[in-house]
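*Asks:* A single structure is presented below for examination.
Bear in mind that the values in this text are calculations on the coordinates, not laboratory data. Values in this document were obtained by computation on a predicted structure and should not be read as measured data. Glycine gets a Cβ as well: all are built from the backbone with ideal geometry, and neighbour counts include every protein chain shown.
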């Protein structure tokens, strides 16, 4: 049950991040989920290492959601740098 919730939340986080970064038209639901889950892992790792804030994959919290969103945005910025040579 926890993985189903993580996939749903990851998809929502990935979708919000793709709208913020202007990549919503080029991404489908699969890539939104992938970006959301990897962003949650990245944001959770950074949040735990730097701020002591947990990830949404281990527990549900508003700071964890924000760190997941931040991780997804950073991941999309890195993808933009690799694909286009600049951050939008």
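*Asks:* Please report, in whole Å, how far the alpha carbons of segment 2-84 spread along each principal axis, starting with the longest.
*Replies:* Principal-axis extents of segment 2-84 (Cα, largest first): 33, 27, 15 Å.
*Asks:* Arrange the following residues from fewest to most other Cβ atoms within 10 Å of their Cβ: 84, 23.
*Replies:* 84, 23
*Asks:* Further question on the same structure: Find the relative contact order for segment 2-84 and round it to a whole percent, using C-alpha pairs within less than 8 Å whose residues are 6+ positions apart.
*Replies:* Relative contact order for segment 2-84 comes out at 31 percent.
*Asks:* Using a Förster distance of 25 angstrom, determine the FRET efficiency expected from the C-beta separation of residue 3 and residue 82, and round it to 0.05.
*Replies:* Efficiency for this residue pair is about 0.30.
*Asks:* A further question on this structure: Give me 50, 9, 74 sorted ascending by neighbouring Cβ count inside 10 Å, so fewest comes first.
*Replies:* The fewest-first ordering by Cβ neighbours comes to 50, 74, 9.
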